[in-house]
Amino acid sequence: MQAADIPAGMVLKEAAGWNQTEQDWANLLALEPEGCWVEEHQGEVVASTTAVCYGRELAWIGMVLVRPDFRRRGLGRGLVEHGLAWLEQRGVRQVKLDATENGLPLYEKLGFHQEGTIERWGGAKPRGMCVYGVHELELGSIAALDREAVGVDRSRLLEKLIKAFPGQCAWEPKEGFVLGRPGSEAYFLGPCSASDAETAGFLILQLTLRAAAKVFYWDLFPDQPAAAETARQLGFERRRGLIRMALRPETSVSGRPERVFAAAGFEYG
Ligand SMILES: CC(C)(COP(=O)(O)OP(=O)(O)OC[C@H]1O[C@@H](n2cnc3c(N)ncnc32)[C@H](O)[C@@H]1OP(=O)(O)O)[C@@H](O)C(=O)NCCC(=O)NCCS
């Protein structure tokens, strides 16, 4: 995939009703220029897949999309297999993804195992007073909080998001942070790591109040009841569920899941 393919990527994701923007595709391409692929038919893009590596420990597969009239012909399988072979060559130890109901049978056939559920919650802008702006953002500190929570170094991703969406973050030194970005349907809240639910709720509230948006998405793990409860308290409701899958269940990535209050997006993990 190249930058010139982004408009075609937008057509694919519109057909699936997803929330990503052109900037999201550009970020994926910038993070992994060799790890984004499209399939063409007579010069037209009909399928896509992306992979983002977090060191050698973990890679995240995303944006697995096939144009509706080209489905069930092996294109999805072909692109994901191509991606897995590329990751194998690079010596990446674990591969994960968030599977939709449509994608699940394909990934199971490729050897992925179900790990748990991730849910997208949505809500309107909560009411409250914005008191954000006290601390200057420090990438190093945020990356350390993120690493402790998710167990891998995602500083490249965090840096890209902070640069692409300046000022769209809230953080409390040593306690937690949340980043945000606009989507085509709703403003996306995440990733968010925090020491406790109170901090997470406070940071997310600050970010929603500052964001120029009316509708918000928040991807959380229902296994972490504190995250779901915090979302509920802020007026969010569950919209859909996906299955988090891992290729090698024996290769664990050990973080502190109780600190993860929002995921980074289905395309990033
Ligand atoms: C999911 C998706 C990418 C599959 O792409 P595809 O090109 O149709 O899939 P393939 O033709 O390569 O099928 C791969 C395997 O999965 C199976 N499969 C694919 N779609 C399926 C479905 N809807 N139900 C049951 N099995 C299915 C096929 O039987 C095939 O198995 P086989 O290779 O042993 O015959 C496509 O349906 C899509 O774009 N959906 C909307 C976006 C989406 O949900 N993407 C997944 C994100 S995680």
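Below, the figures for the structure above:
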{"read-out": "Pair list, Cβ < 9 Å and 6+ apart or interchain, from region 78-105 residues that are assigned to a loop (DSSP other than H, G, I, E, B) to residues that are hydroxyl-bearing (Ser, Thr, Tyr)", "value": "92/54; 93/251"}
{"read-out": "Pair list, Cβ under 7 Å, 6 or more apart: region 56-74 residue over 18 Å from residue 97 (Cβ atoms), other residue more than 8 Å from the ligand (Cβ to nearest atom)", "value": "67/46; 70/41; 70/46"}
{"read-out": "Residue check for residue 106: assigned by TED's automatic domain parsing to the domain that holds residue 12, hydrophobic (A, V, I, L, M, F, W, C) and more than 6 Å from the ligand (Cβ to nearest atom)", "value": "no"}
{"read-out": "Positions within region 11-70 being in a strand (DSSP E or B) and among the hydroxyl-bearing types (Ser, Thr, Tyr), in sequence order", "value": "48, 49, 50, 54"}
{"read-out": "Contacts under 8 angstrom Cβ, first residue in region 34-50 being within 11 Å of residue 1 (Cβ to Cβ), partner surrounded by fewer than 19 Cβ atoms within 10 Å (Cβ to Cβ) and β-branched (Val, Ile, Thr), 6 or more apart", "value": "45/11"}
{"read-out": "Scan of region 234-260 for residues that are touching a Leu at 6+ places or on another chain (Cβ under 7 Å) and in a strand (DSSP E or B), ordered by number", "value": "243, 245"}
{"read-out": "Condition check for residue 151: more than 24 Å from residue 211 (Cα to Cα), out of contact with any Phe, Trp or Tyr (no Cβ under 9 Å at 6 or more places or on another chain), in the same structural domain as residue 24 (by TED's automatic domain parsing) and not hydrophobic (A, V, I, L, M, F, W, C)", "value": "no"}
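Yes/no per residue for (1) more than 13 Å from the ligand (Cβ to nearest atom); (2) touching a helix residue (DSSP H, G or I) at 6+ places or on another chain (Cβ under 8 Å); (3) not assigned by TED's automatic domain parsing to the domain that holds residue 156:
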site	(1), (2), (3)
40	yes, no, yes
54	yes, yes, yes
63	no, yes, yes
67	no, yes, yes
76	no, yes, yes
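The values are calculated or read from the model by the stated rules, or taken from the named source; none is laboratory data. Since this is a predicted model, take the numbers as computed values, not measurements. Cβ: placed from backbone, ideal geometry, glycine included. Neighbour counts: every protein chain shown.
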